[in-house]
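A quick write-up on the structure given underneath.
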Ligand SMILES: [Zn+2]
């Protein structure tokens, strides 16, 4: 890079000399160029915006454009004496004043005397006042007189980072341009150009670190690059940049967020240890983590995150991969924990512990079940359409059989018997997994048998649902009904029995005798009827749902905030 004793800082060496070179302020360049092309150039401009975004550079380019010997065109030639003098700061017709140090009324009076005269050898006398908000009130008043009746040959260009400190009388006489923070991709692009010209070997990710250090200011980014080059020479490693600029390696952030998402507490603590070892400020690290999680959240929340996030394309892709399909709510909850930790760290003398606690908590968070999903489940349940694991019949309440496929024949029966109990659940019939029954002929599968009945003769099926399968053998089915129920009466009807017998023969392919028995209701050891089983499944499922609701973070938070408890669960 520097081959002599004199090293010119990059910000000066690569100061933009044309509108085309001005990165990130295209809206300003275009308007100014249009004004020049159409010959409607205002006599006073106000350039506002953060430091290092190109306000003074633009003022100089504008001055050159107006005074260039090649004529007023929308780019200066940069080779004529006028252009060269302005670049060097030696033009006798362009005055560059620092408002911070020349802020008195005498300075402005001198200036006013000065601009009375015609330019010596250019078109305009151009006054550039940087940090114009620093002028004293008297100086502003003196300036205002000139601004009210400006000589034809004078142009003012004011620059400020704090336009709200300017008197409205000044503001109203200027054409105002708001300079933006330069976006990260634009800064990286410019840094890449410069690195190539300086024959510096540096990775894109290292350039991104440098650019981020500038926080939207091109000048600060270039200063950071100066610093890196001074330390590393022409070959720059990512690690050096991280150490030098005190920026956490992005890979470490990625590693930590991955550890949090996968609940890997070991990796979480190791990551923090690593950060601590390089002597990084814990609070600042926490803030970088916050930004990182915020980026992930934006990526998972909007279709076009690139319009919101100030990130290089490669970084965006990387973050997309990290965010995966993580629900935004899950990221948001972790972000909340980190933000809370940040405010705690402001006062604590053990910031590492706080960030460790926050990240461990974040790693151990249970995934969010959207409350709507729970409500939907409850609705389905109420409609009787939820499949719950089915228990074997014979043993009543034995553990569920291993996952057997469930199929559904949802045919609500409308032709129910007249003496149907009003509390009876709608007859949506489930086939019960075959594996849940002891192996044998078709009759041993009580659930399938009742389903078959329901399909053939809903009226018969709905009665059988209340029967307990006492015996199922080849050619014989014994069904018990509670002695005090009217299902027993209905089932003892001769016509009913003969109908069931013929349907049973159809079902199994053998002649089958149906025997109806009266049993004690709730008697120990009696297999459950389908209706009883549904009821018990429903109760069990409601218990599970209640537990799910109770453990839902939103509910927990609500209980914590309002100090309530769950009394009932309703779906609406
Ligand atoms: Zn020129």
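Give the range 307-323 a look and list any residue that's within 15 Å of residue 292 (Cβ to Cβ), touching a helix residue (DSSP H, G or I) at 6+ places or on another chain (Cβ under 8 Å) and either in a helix (DSSP H, G or I) or touching a residue at least 40 places away in the same chain (Cβ under 8 Å) (or both), or say none.
310, 311, 312, 315, 316, 318, 319, 320, 322, 323
Do we have any residue at all in the range 134-155 that's more than 44 Å from the chain's Cα centre (by Cα) and within 13 Å of the ligand (Cβ to nearest atom)?
Within the range 134-155 (the criterion being more than 44 Å from the chain's Cα centre (by Cα) and within 13 Å of the ligand (Cβ to nearest atom)), the answer is no, since none of the residues qualifies.
For the range 94-123, name all the residues that are without any contact (Cβ under 8 Å) to a residue 40 or more places away in the chain, within 13 Å of the ligand (Cβ to nearest atom) and surrounded by 14 or more Cβ atoms within 10 Å (Cβ to Cβ).
The one that is without any contact (Cβ under 8 Å) to a residue 40 or more places away in the chain, within 13 Å of the ligand (Cβ to nearest atom) and surrounded by 14 or more Cβ atoms within 10 Å (Cβ to Cβ): 94.
Go through the range 227-288 and tell me which helices (runs of 4 or more DSSP H), entirely inside it, have 1 or more residues that are over 26 Å from the mean Cα position of the chain (by Cα) and farther than 17 Å from residue 202 by Cα.
So the answer is 265-277.
Quick one: in the range 41-57, which of the residues that are under 18 Å from residue 162 (Cβ atoms) and part of a helix (DSSP H, G or I) is nearest to the ligand (Cβ to nearest atom)?
Of everything passing the filter in the range 41-57, 56 is nearest to the ligand (Cβ to nearest atom).
I want to confirm something. Restricting to the range 505-555 and keeping residues that are part of a helix (DSSP H, G or I) and more than 47 Å from the chain's Cα centre (by Cα), which single residue is surrounded by the fewest Cβ atoms within 10 Å (Cβ to Cβ)? Break it down stepwise before answering.
Going through the range 505-555, the residues part of a helix (DSSP H, G or I) turn out to be 505-508, 530-551, 553-555.
In the following step, the residues that additionally are more than 47 Å from the chain's Cα centre (by Cα) were identified as 505-508, 530-532.
Numbers: 505: 14, 506: 11, 507: 20, 508: 20, 530: 26, 531: 21, 532: 18.
The residue in question is 506.
Could you tell me whether residue 86 is within 41 Å of the chain's Cα centre (by Cα), buried (at least 22 other Cβ atoms within 10 Å of the Cβ), in the same structural domain as residue 145 (by TED's automatic domain parsing) and within 14 Å of the ligand (Cβ to nearest atom)?
Judged against the criteria, residue 86 is not a match.
Determine whether the range 281-303 contains at least one residue that is free of Cβ contacts under 8 Å to residues at least 24 places away in the same chain and touching a helix residue (DSSP H, G or I) at 6+ places or on another chain (Cβ under 6 Å).
yes
How about the range 299-315: which of its residues are more than 10 Å from the chain's Cα centre (by Cα) and surrounded by fewer than 16 Cβ atoms within 10 Å (Cβ to Cβ)?
303, 304, 306, 307, 308, 313, 314
From the list 188, 170, which residue is assigned to a helix (DSSP H, G or I), outside the structural domain of residue 58 (by TED's automatic domain parsing) and at pLDDT 90 or above?
Just a single option satisfies the conditions, and that option is 188.
Please enumerate the residues belonging to the range 65-79 that are within 46 Å of the chain's Cα centre (by Cα) and within 6 Å of the ligand (Cβ to nearest atom).
Result: 76, single match.
The values are calculated or read from the model by the stated rules, or taken from the named source; none is laboratory data. Because the structure is predicted, anything quoted here is derived from the model rather than measured. In this analysis, Cβ positions are derived from the backbone assuming ideal geometry, glycine residues included, and neighbour counts consider all displayed protein chains.
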